[in-house]
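S.K.: Mind having a look at this structure? Questions to follow.
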Amino acid sequence: MFAPTQHDVRRFFCEVHRKRLAGEPLEAIEAIAAGWIAEHPEYDADLADVEAALEAVYTVEDGRTNPFLHLAMHLTISEQVSIDQPRGIRAAIERLAARHGSLHTAHHEAMECLGEMVWASQRSGRPPDGLAYLEAVRRSMSK
């Protein structure tokens, strides 16, 4: 299983940001990440300095979203949709996107469910429950 460190994730997004701005070729996963980076210009400063990114601490008390966690969640959901894992997530995200008229907004709704699933898994010490996550995404459509 691929388990990047926090620094690996931050370096990855900073490098994708740099390559995107420089117009350099991107690998497939980088192209997906670059698309989400482009959707979040408010993170440009965070992504521009690798060393600062590696040292940055994002706390709830600061009132700032962790841009690397946020982008990683977009990337995770994109990958889930591409392979339809858990089975049904593709259709659920497509319905959310159609309802909102925005894939970006659909991702943000799904992120709440994804974060809840990860939190529950960490709290219980059990593997993430993909079916509970999918059901939470589906329930969000009725809100």
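The values are calculated or read from the model by the stated rules, or taken from the named source; none is laboratory data. As the structure is a prediction and not an experimental result, all values here were calculated from the model. Using ideal geometry, Cβ is built from the backbone for each residue, glycine included, and neighbour counts are taken over all protein chains shown. The area values use the complete protein model at the heavy-atom level, side chains included, leaving out ligands, DNA and RNA. Shrake-Rupley method; radii C 1.70, N 1.55, O 1.52, S 1.80 Å.
S.K.: So which of 98, 22, 48, 28 ends up being within 13 Å of residue 10 (Cβ to Cβ) and either touching a Gly at 6+ places or on another chain (Cβ under 7 Å) or without any contact (Cβ under 8 Å) to a residue 40 or more places away in the chain (or both)?
M.R.: Just one listed residue meets the conditions, 48.
Yes/no per residue for (1) crowded, with 18+ Cβ neighbours inside 10 Å; (2) within 19 Å of residue 142 (Cβ to Cβ); (3) among the acidic types (Asp, Glu):
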| site | (1), (2), (3) |
| --- | --- |
| 77 | yes, no, no |
| 80 | yes, no, no |
| 88 | no, yes, no |
| 92 | yes, yes, no |
| 99 | no, yes, no |
| 104 | no, no, no |
| 108 | no, yes, no |
| 111 | no, yes, no |
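S.K.: Would you confirm whether or not the range 84-92 contains a residue that is touching a residue at least 12 places away in the same chain (Cβ under 8 Å), within 23 Å of residue 7 (Cβ to Cβ) and β-branched (Val, Ile, Thr)?
M.R.: Scanning the range 84-92, I find no residue that is touching a residue at least 12 places away in the same chain (Cβ under 8 Å), within 23 Å of residue 7 (Cβ to Cβ) and β-branched (Val, Ile, Thr), so the answer is no.
S.K.: Under the condition of being of a type in the set (Lys, Arg) and closer than 18 Å to residue 69 by Cβ, which residue from the range 1-51 is most open to solvent (accessible area, probe 1.4 Å)?
M.R.: 11
S.K.: Answer yes if at least one residue in the range 54-75 is at pLDDT 95 or above, of a type in the set (Gly, Ala, Ser), surrounded by 13 or more Cβ atoms within 10 Å (Cβ to Cβ) and closer than 28 Å to residue 142 by Cβ, and no otherwise.
M.R.: Yes - at least one qualifying residue is present in the range 54-75.
S.K.: Can you find even one residue in the range 113-121 that is open to solvent by 50 Å² or more (accessible area, probe 1.4 Å), in contact (Cβ under 8 Å) with a residue 12 or more places away in the chain, within 29 Å of residue 15 (Cα to Cα) and of a type in the set (A, V, I, L, M)?
M.R.: No, the range 113-121 contains no residue that is open to solvent by 50 Å² or more (accessible area, probe 1.4 Å), in contact (Cβ under 8 Å) with a residue 12 or more places away in the chain, within 29 Å of residue 15 (Cα to Cα) and of a type in the set (A, V, I, L, M).
S.K.: Test residue 39 against the criterion of being within 28 Å of residue 134 (Cβ to Cβ) and free of Cβ contacts under 8 Å to residues at least 60 places away in the same chain, and give yes or no.
M.R.: no
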